[in-house]
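Enquirer: Would you mind keeping the following structure in view while I ask a few things?
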Amino acid sequence: MTQLPFRRKTAIDALLGAADDALRTLSGSVSASRPTPASQRAVPGSQDARRLSAGLMRVNHTGEVCAQALYSGQALVARDPRIRSALQGAASEERDHLAWCRERLGELGSRASVLDPLWYAGSFAWGVASGLAGDRWSLGFLAETEDQVERHLDGHLDRLPADDRASRAIVLKMREDEGRHGDTGRALGARELPEPVKAAMRAAARVMTGTTYWV
Ligand SMILES: [Fe+2]
Ligand SMILES: [Fe+2]
């Protein structure tokens, strides 16, 4: 019997994979591979506190939508298979974050941001652009993103209501994972980004957090 020749992964396969990532992320049909760190699901007692928690967790959910887009764009054009597999490993942990945040938003009686598709598109473009600049720049972009996210999550731990133990547990675990993703990027040879690029990333993050908190 004649064996079919092994078919190499084509650019079309990779693009279809990226489109599939986008649809899964934006439709919310992503399931976590690890259980949520939130052991008890009580919501804050006051309406103001619930609203604050929902706004902050919506921002975190959009951050995770951006992470999926970024890693998907970077993996699409990464040259080194070692780097591609590190990006895919981190993306799998980010999928857990995405699913945990989405589930918590539902428990808080809220929903994901209507702006998520826009942020996905922008982050995907950044991921592809940084990947095309070369693997070490791409890793530098990843490491800087993870550092900025870690500092942002520290701020949320200060602001989340004290009686929202579930959201706090999720954010704490996310912060631990993001720190490891940044370390992985640096261990693989991340380049230090120029200060204007870091400042542009901080500015984009401010626009994202300032809008998705409300919508
Ligand atoms: Fe994350
Ligand atoms: Fe991360």
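The values are calculated or read from the model by the stated rules, or taken from the named source; none is laboratory data. Remember, it's a predicted structure, so these values are computed and weren't measured experimentally. Here Cβ is always computed from backbone atoms with ideal geometry, including for glycine, and neighbour counts include all displayed protein chains. Just so you know, the surface numbers come from the protein's heavy atoms only, side chains and all, with ligands and any DNA or RNA stripped out. Shrake-Rupley method; radii C 1.70, N 1.55, O 1.52, S 1.80 Å.
Enquirer: In square nanometres, what is the average projected area of the Cα convex hull of region 5-115? Numbers along the way, then the final one.
Expert: Details: hull surface 33.4 nm².
Across all orientations, region 5-115 yields a mean hull projection of 8.4 nm².
Enquirer: As a check on your grasp of the helix formula, calculate [θ] at 222 nm for the chain: sum -39500 (n - 2.57) over DSSP H runs of n ≥ 4, divide by the residue count, round to the nearest 500. Could the numbers behind the result be given before it?
Expert: Details: 7 runs with 158 residues, N = 215.
The helix contribution divided over the chain gives -25500 deg cm²/dmol.
Enquirer: Provide the net charge surrounding ALA86, with neighbours chosen by a C-beta distance below 14 Å and charges set as Lys +1, Arg +1, Asp -1, Glu -1. Don't jump to the answer; show the numbers that get you there.
Expert: Working: positive: ARG79, ARG82, ARG84, ARG136, ARG180, ARG186; negative: ASP80, GLU93, GLU94, ASP135, GLU146, ASP177, ASP183.
Here the charged neighbours net out to -1.
Enquirer: Normalised by the residues of the chain, what does the relative contact order come to in percent, with Cα pairs under 8 Å and at least six apart?
Expert: Numbers: 269 pairs, mean separation 61.2, N = 215.
After rounding, I find 28 percent.
Enquirer: Under a Cβ-Cβ cut-off of 12 Å, what is the net charge of the residues other than GLU195 that fall near it, where Lys and Arg count +1 and Asp and Glu count -1?
Expert: Details: positive: LYS198, ARG202; negative: GLU144, GLU192.
Net local charge, GLU195 excluded: 0.
Enquirer: Rounded to the nearest 20 Debye, what is the dipole magnitude of the chain about its Cα centre when Lys and Arg each give +1 and Asp and Glu each give -1 at the C-beta?
Expert: Magnitude of the dipole: close to 300 debye.
Enquirer: Also, I was wondering about something else. Please compute the Kirkwood hydrodynamic radius of region 7-70 from all pairs of different C-alpha atoms, in Å with one decimal.
Expert: Values: mean 1/r = 0.0683 Å⁻¹.
One decimal place: 14.6 Å for the Kirkwood radius.
Enquirer: Can I ask one more? Under 12 Å from the Cβ of SER39, count the other residues' Cβ atoms, weight Lys and Arg +1, Asp and Glu -1, and hand me the total.
Expert: With Lys, Arg at +1 and Asp, Glu at -1, the net is +4.
Enquirer: Using +1 at the Cβ of each Lys and Arg and -1 at the Cβ of each Asp and Glu in region 108-150, identify which of SER110, GLY131, LEU142 lies farthest towards the dipole's positive end.
Expert: SER110
Enquirer: Continuing with the same structure: Considering only protein heavy atoms and a 1.4 Å probe, what is the carbon-and-sulfur percentage of the accessible area of the chain?
Expert: Details: 6570 of 11120 Å².
Ligands and nucleic acids excluded, carbon and sulfur reach 59 percent.
Enquirer: Identify the trypsin sites (Lys or Arg not before Pro) of region 70-156 meeting these criteria: DSSP loop state and at most 16 other C-beta atoms within 10 Å of the C-beta. Intermediate values should be presented prior to the final figure.
Expert: Numbers: sites: ARG79, ARG82, ARG84, ARG95, ARG102, ARG104, ARG111, ARG136, ARG151; in loops: ARG79, ARG111.
Passing sites in region 70-156 are ARG79, ARG111.
Enquirer: Sticking with this one: Could you give the DSSP H helices of the chain that reach 18 angstrom or more along their long axis (alpha carbon positions) and whose average Kyte-Doolittle hydropathy is no lower than 0.0? Mind dumping the intermediate values first?
Expert: Numbers: long enough: 11-27 (24 Å, 0.69); 47-77 (45 Å, -0.04); 81-107 (39 Å, -0.96); 116-132 (24 Å, 0.53); 135-159 (36 Å, -1.08); 165-187 (33 Å, -1.15); 195-212 (26 Å, 0.04).
Both cut-offs are met by 11-27, 116-132, 195-212.
Enquirer: Quick one: putting +1 on the C-beta of Lys and Arg, -1 on the C-beta of Asp and Glu, what dipole do you get for region 1-107 around its Cα centre, in Debye to the nearest 20? Could you put the intermediate results ahead of the total?
Expert: On the way: 15 positive and 11 negative charges, 33 e Å.
It comes to approximately 160 debye.
Enquirer: Choose one of LEU16, GLY155, ALA67: the residue whose Cα lies farthest towards the positive end of the charge dipole of the chain (beta-carbon charges +1 Lys, Arg; -1 Asp, Glu; about the Cα centre).
Expert: LEU16
Enquirer: At each listed q (0.14, 0.15, 0.29, 0.30 Å⁻¹), what is the log10 of I(q)/I(0) that the Debye formula gives for region 47-106 modelled as equal alpha-carbon point scatterers?
Expert: -0.45, -0.50, -1.08, -1.12
Enquirer: Could you bin all the Cα-Cα distances of the chain into 5 Å bins starting at 0 and give me the percent of pairs in each, rounded to whole numbers?
Expert: 1, 7, 15, 20, 19, 15, 10, 6, 3, 2, 1, 1, 0, 0, 0
Enquirer: Excluding ligands, DNA and RNA, what is the solvent-accessible area per residue of the chain at a probe of 1.4 Å, expressed in Å²?
Expert: Details: 11120 Å² over 215 residues.
That works out to 52 Å² for each residue.
Enquirer: So, with +1 on the Cβ of K and R and -1 on the Cβ of D and E, and no other charges, what is the size of the charge dipole of region 79-174 about its Cα centre, to the nearest 20 debye? Each step should come with its number before you reach the end.
Expert: Working: 13 positive and 16 negative charges, 45 e Å.
Dipole magnitude for region 79-174 comes out near 220 debye.
Enquirer: Let me ask something else. Taking only C-alpha pairs under 8 Å that are 6+ residues apart, what is the relative contact order of region 1-120 in percent? Don't skip to the answer; put the middle values down first.
Expert: Numbers: 96 pairs, mean separation 45.2, N = 120.
For region 1-120, the relative contact order is 38 percent.
Enquirer: Something else about it: Of all the stretches in the chain, which is the longest one without any exposed loop site, taking chymotrypsin sites (Phe, Trp or Tyr not before Pro) in a DSSP loop (any state but H, G, I, E, B) with at most 12 other Cβ atoms within 10 Å?
Expert: Values: sites that count: PHE6, TRP214.
Of all site-free stretches, the longest is 7-213.
Enquirer: Identify which of ASP116, ASP158, ASP183 has the largest mean-square fluctuation in a Gaussian network model of the chain, with springs joining Cα atoms closer than 10 Å.
Expert: Result for the chain, Cα springs under 10 Å: ASP158 fluctuates most.
Enquirer: Then there's this: On the Cα set of region 85-200, report Rg and Dmax in Å, please.
Expert: 15.2, 45
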